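Take a look at the structure below.
The values are calculated or read from the model by the stated rules, or taken from the named source; none is laboratory data. The structure presented is a predicted model; accordingly, all values stated were derived computationally and were not measured. Here the Cβ positions follow ideal geometry from the backbone for every residue, glycine too, while neighbour counts run over all protein chains shown.
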Amino acid sequence: MAALPAPTLAQANPLVGSSIQLIESLQDLSGAYPASPTFSAYQGYCWLRDGSFIADAMSAAGRFASAEAFFGWCAGVIESQAAVIGRVVEARASGLELDHAAMPPTRFTLAGDVGSDAWWDFQTDGYGTWLWALSEHVRRGGHMDPAWRDAIRLTAAFLVDTWDLPCFDWWEEHNERRHVSTLGCVVLGLERAVAEGWLPAEEATRATAAAHGARDLVAAEGMYDGRLTKWLGGTAVDGSLAALVAMGLTDDAPEVASRTLAAVRANLLVAGGVHRFTGDVFYGGGLWPLLTCFLGLAELRVGDRTNVESRLAFVESLVTADGSLPEQSDLHLLAQDHRPEWLERWGPVATPLLWSHAMYIRLAVERTAND
Ligand code: BGC
């Protein structure tokens, strides 16, 4: 008798299956992934950052069509910014100061427009992350449409000319700073664009120089006690630094990787979940399932399997009755007093947050790959 086929991960792990279904059912026909279908401040918008990590998870779970629809959407929205990026490049070449209002946006409507709601624009990380995610997709055998080349070149040109400027971070805060997580995503995006051969020779040379410059700057000013810091010149830790380890930024520096993860665990891991940073007040500064998954992924990346089950279990413990994962949990709050102001301003915490579901999928896939 023929052996029964092994159940797929989506069948074996109900939260993986339902998360894939949720993401697929909410993905717009345009290819955009809404950050959260119901949350007032995010509704109708897709972030390059969230979307790229969601596409990476869908790709890792074998849902190539979904990931490719997203990459096609990215190519479209970035091409729509060609004139904006062209002006940024010209201004930088002539040494002009650039206002943040002159920069391409952080998020777009699902249809790919800029939208009319003001936001904390000028965040470069997502522009790097979509290149990294596309490269991950190609490396696992996914398709890259040659029509996306123009958008890739525009992205690289934008990053080459802006990587050294202060901008908002992953959490859309502190635009007076230069953030290590942002720089890391820019480095990975540029390095991958070069390694995949997506850039013509002269542009590849410029991208390589920018990536080296950013790596050197992080080594000189974005380290403390042998580990990465939240921003240049500081000593604080940020949960997003685990993502850089998970994405491979520190593959050649295992000591930096393990010290960074040790600092994330020592400073930000409470009750099984990970805080963004110690001064967080957003919704009282709770525990983020997506960061807990990034920590689990980073630990697997450095060969540490000891915690993967508890990272997954923490996220599973947060699933609501209707199968949704929140952006953050109030199991442990750093700044309880600040919670009411956010509840009043924007309503309950974003639930479901597609990025949370995606990171659970991504960690569950990686756990199985490491079996
Ligand atoms: C987070 C961002 C995220 C956005 C959409 C914000 O509250 O700080 O990292 O991209 O929500 O999910």
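Annotations
- Qualifying residues in the stretch 141-165 (those that are out of contact with any Leu (no Cβ under 9 Å at 6 or more places or on another chain) and part of a loop (DSSP other than H, G, I, E, B)) - the one farthest from the ligand (Cβ to nearest atom): 141
- Figure legend. Inter-residue proximity from the stretch 114-130: first residues on the phi > 0 side of the Ramachandran plot, second residues outside any loop (DSSP other than H, G, I, E, B), beta-carbon distance below 7 Å, spacing 6+ or different chains. Indicated pairs: 115/45; 115/108; 115/109; 122/100.
- Counted residues, the stretch 324-366 - those being within 24 Å of residue 31 (Cβ to Cβ), among the basic types (Lys, Arg) and within 14 Å of the ligand (Cβ to nearest atom): 0
- Set 297, 312: member being surrounded by fewer than 24 Cβ atoms within 10 Å (Cβ to Cβ), in contact (Cβ under 8 Å) with a residue 24 or more places away in the chain, away from the ligand (no atom under 12 Å from the Cβ) and within 19 Å of residue 50 (Cβ to Cβ): 297
- The condition of being assigned to a helix (DSSP H, G or I), in contact (Cβ under 8 Å) with a residue 12 or more places away in the chain and under 23 Å from residue 319 (Cβ atoms) holds for residue 20.
- Exclusive hit being in contact with a Pro (Cβ under 8 Å, 6 or more places away or on another chain), more than 16 Å from the ligand (Cβ to nearest atom) and at pLDDT 95 or above, set 206, 227, 192, 178: 178
- For the stretch 39-126, the helices (runs of 4 or more DSSP H) that sit wholly inside it and include 1 or more residues that are within 16 Å of the ligand (Cβ to nearest atom) are 48-60, 64-79.
- Those residues of the stretch 1-38 which are within 15 Å of the ligand (Cβ to nearest atom) and not aliphatic (A, V, I, L, M), in sequence order: 33, 34, 36, 37, 38
- Of note, residue 350 satisfies the criterion of being part of a loop (DSSP other than H, G, I, E, B), surrounded by 14 or more Cβ atoms within 10 Å (Cβ to Cβ) and at pLDDT 95 or above.
- The stretch 63-87 residues that are touching a residue at least 24 places away in the same chain (Cβ under 8 Å), paired with ones that are among the polar types (S, T, N, Q) (beta carbon under 7 Å, 6 or more apart): 66/27; 67/59; 69/27; 73/30; 78/155
- Every pair of residues 6+ apart whose Cβ atoms lie under 6 Å, when the first sits in the stretch 161-173 and is on the phi > 0 side of the Ramachandran plot while the second is at pLDDT below 95: 172/120
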